[in-house]
Amino acid sequence: MYEGIHHVSLLVTDIKRAKRFYGEVLGFQESEERPDFDFSGAWYQVGETQIHLIVHEEGRTLRGVTSIDSRDGHFAIRVQDMESFIKRMRRYQVEIVDKPNNQTDWHQVFVSDPDGNLIEFNC
């Protein structure tokens, strides 16, 4: 019945800063498919799933902090090469919480975007 997750929407406060993080730092490919909405945003294709960034002044889902708490709300992206991912984050001086040994069967690395949205990367 279900095919998978189509997209995840994230609130951001500064689209230029967010696009630098998601496009340049994380290396996600921006999609040209985004319609000309009456609000700022960007879409990124990550495998079969999209990430939609939305500037929404009255949104209520921003955490208000950029500290990384792996138990707080987040979504996860599978990576092929964790060592390369960690090197990339270090090159861009992105704070990470690295959990190579945990109760799951996969290596987890958590990051926060500039607005405090948490993302787990795992391998």
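The values are calculated or read from the model by the stated rules, or taken from the named source; none is laboratory data. From a predicted model like this one, the values you see are computed outputs, not experimental measurements. Please note: Cβ atoms are built from the backbone with ideal geometry, for glycine as well, and neighbour counts cover all protein chains shown.
What residue, among those in region 59-69 that are surrounded by 13 or more Cβ atoms within 10 Å (Cβ to Cβ) and of a type in the set (A, V, I, L, M), is farthest from GLU32 (Cα to Cα)?
Filtering region 59-69 for residues that are surrounded by 13 or more Cβ atoms within 10 Å (Cβ to Cβ) and of a type in the set (A, V, I, L, M), the one farthest from GLU32 (Cα to Cα) comes out as ILE68.
Output the number of the condition that ILE119 fails; it satisfies all remaining conditions of (1) at pLDDT 95 or above; (2) within 19 Å of ILE15 (Cβ to Cβ); (3) touching a Leu at 6+ places or on another chain (Cβ under 7 Å).
(3)
What number of residues within region 1-28 are over 12 Å from the mean Cα position of the chain (by Cα) and either in a loop (DSSP other than H, G, I, E, B) or under 23 Å from ARG78 (Cβ atoms) (or both)?
Within region 1-28, residues that are over 12 Å from the mean Cα position of the chain (by Cα) and either in a loop (DSSP other than H, G, I, E, B) or under 23 Å from ARG78 (Cβ atoms) (or both) number 9.
For ILE77, state whether it is assigned by TED's automatic domain parsing to the domain that holds SER112 and either in a strand (DSSP E or B) or surrounded by 14 or more Cβ atoms within 10 Å (Cβ to Cβ) (or both). So that I can check it myself, show each step before the final result.
On the way: assigned by TED's automatic domain parsing to the domain that holds SER112: yes; either in a strand (DSSP E or B) or surrounded by 14 or more Cβ atoms within 10 Å (Cβ to Cβ) (or both): yes.
Answer is yes for this residue.
Criterion first (modelled with pLDDT under 95, surrounded by 10 or more Cβ atoms within 10 Å (Cβ to Cβ), out of contact with any Cys (no Cβ under 9 Å at 6 or more places or on another chain) and not hydroxyl-bearing (Ser, Thr, Tyr)) does HIS56 satisfy it?
Working: modelled with pLDDT under 95: yes; surrounded by 10 or more Cβ atoms within 10 Å (Cβ to Cβ): yes; out of contact with any Cys (no Cβ under 9 Å at 6 or more places or on another chain): yes; not hydroxyl-bearing (Ser, Thr, Tyr): yes.
The answer is yes for HIS56.
Any idea which residue in region 29-88 is nearest to ASN117 (Cα to Cα), counting only those that are more than 15 Å from the chain's Cα centre (by Cα) and aromatic (Phe, Trp, Tyr)?
Only one residue tops the list, namely PHE39.
Please find, among GLN93, GLN103, the residue that is modelled with pLDDT of 95 or more, assigned to a loop (DSSP other than H, G, I, E, B), exposed (fewer than 15 other Cβ atoms within 10 Å of the Cβ) and polar (S, T, N, Q). Please lay out each step first, then the result.
Numbers: GLN103 fails: modelled with pLDDT of 95 or more.
Residue meeting the stated conditions: GLN93.
From (1) more than 12 Å from ASP115 (Cα to Cα); (2) at pLDDT 95 or above; (3) touching a strand residue (DSSP E or B) at 6+ places or on another chain (Cβ under 9 Å), pick out the condition that doesn't hold for GLY4.
With respect to (1) more than 12 Å from ASP115 (Cα to Cα); (2) at pLDDT 95 or above; (3) touching a strand residue (DSSP E or B) at 6+ places or on another chain (Cβ under 9 Å), GLY4 is out only on (2).
In the list SER9, SER31, SER40, which residue meets the criterion of being without any contact (Cβ under 8 Å) to a residue 24 or more places away in the chain, over 17 Å from VAL94 (Cβ atoms) and among the small types (Gly, Ala, Ser)? Reasoning before the result, please.
On the way: SER9 fails: without any contact (Cβ under 8 Å) to a residue 24 or more places away in the chain; SER40 fails: without any contact (Cβ under 8 Å) to a residue 24 or more places away in the chain.
The unique qualifying residue is SER31.
State whether the residues of region 34-48 include one that is in the same structural domain as ASP113 (by TED's automatic domain parsing), surrounded by fewer than 15 Cβ atoms within 10 Å (Cβ to Cβ) and over 20 Å from CYS123 (Cβ atoms).
Applying the first criterion (in the same structural domain as ASP113 (by TED's automatic domain parsing)) to region 34-48 yields none.
No, region 34-48 contains no residue that is in the same structural domain as ASP113 (by TED's automatic domain parsing), surrounded by fewer than 15 Cβ atoms within 10 Å (Cβ to Cβ) and over 20 Å from CYS123 (Cβ atoms).
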